[in-house]
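Asks: Sharing a structure with you now.
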């Protein structure tokens, strides 16, 4: 089919199904162009080597199911919590609770923030989906659950001054930008660390819509403190000094992991 024919076919499809225009305007290539042209980050954020920032190797809870974080993502959070004095941890987006369970024992305060059951039901999710929320952590006395919509909730009313924040909620550009700005206005940037999940579709592939949201949500002078942690899907804001390098694809591995797995039925807890 010629280019003119393809264009005519595309126009007809959009005429019949105008909602598909969102798939064009929200395509990741649009955000890659924005990040490249506006911020000059053609390859994404600079990278910090995994073992320069992650010191922990034990993870007591991991489910190997959809929607969760990589093992390395959770070990990053756990290491950051252990290395944050009087850690007060706050996360947006908990899913089954692997992230909060990874850090809880290393924190003075640990808060999770999620939509209420009613809000989740209003989005069309059934009771089985709703029952997955906070599955691992709902009975942990060290973890304080908070319900609400991050677009309207006033975080200042909470009894926590977070110095470690994990943003893993809505990953659309507008939501990442909004959550990033709200969190940055709430924390003390001189001492706090922010971690964004799904900055990468994989440890080697940038998710440009999320990066665009991060960059637009932060003051431009703060961009110098952003980096990706190698072997994870996480971007980090921290004023601590780390050696950084450019992202290259494909990456040449600098470390190798040795993994031993044990299993335990959840009913045996």
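Asks: Mind listing just one residue for me: the one in the stretch 115-149 that is more than 21 Å from the chain's Cα centre (by Cα) and under 22 Å from residue 102 (Cβ atoms) and, of those, surrounded by the most Cβ atoms within 10 Å (Cβ to Cβ)?
Replies: Ranking the qualifying residues of the stretch 115-149, first place goes to 140.
Asks: Within the stretch 167-186, is there a residue that is in contact (Cβ under 8 Å) with a residue 60 or more places away in the chain and farther than 23 Å from residue 211 by Cα?
Replies: Among the residues of the stretch 167-186, not one is in contact (Cβ under 8 Å) with a residue 60 or more places away in the chain and farther than 23 Å from residue 211 by Cα, which makes the answer no.
Asks: For the stretch 203-237, enumerate the residues that are in contact with a strand residue (DSSP E or B) (Cβ under 8 Å, 6 or more places away or on another chain) and free of Cβ contacts under 8 Å to residues at least 40 places away in the same chain.
Replies: 210, 214, 218, 222, 225
Asks: Ok, one more. Tell me the helices (runs of 4 or more DSSP H) entirely within the stretch 43-148 that contain at least 2 residues that are in contact with a strand residue (DSSP E or B) (Cβ under 7 Å, 6 or more places away or on another chain) and more than 17 Å from residue 170 (Cβ to Cβ).
Replies: 71-82, 98-103
Asks: Also: Of the residues 59, 70, 65, which is touching a helix residue (DSSP H, G or I) at 6+ places or on another chain (Cβ under 8 Å) and either in contact (Cβ under 8 Å) with a residue 12 or more places away in the chain or more than 16 Å from residue 135 (Cα to Cα) (or both)?
Replies: So the residue among 59, 70, 65 that is touching a helix residue (DSSP H, G or I) at 6+ places or on another chain (Cβ under 8 Å) and either in contact (Cβ under 8 Å) with a residue 12 or more places away in the chain or more than 16 Å from residue 135 (Cα to Cα) (or both) is 59.
Asks: For the subset of the stretch 1-41 comprising residues that are modelled with pLDDT of 95 or more and in contact with a helix residue (DSSP H, G or I) (Cβ under 7 Å, 6 or more places away or on another chain), which member is surrounded by the fewest Cβ atoms within 10 Å (Cβ to Cβ)?
Replies: Out of the qualifying residues, it is 39.
The values are calculated or read from the model by the stated rules, or taken from the named source; none is laboratory data. Every value quoted in this text rests on a predicted model; they were computed, and no experiment measured them. Here Cβ is always computed from backbone atoms with ideal geometry, including for glycine, and neighbour counts include all displayed protein chains.
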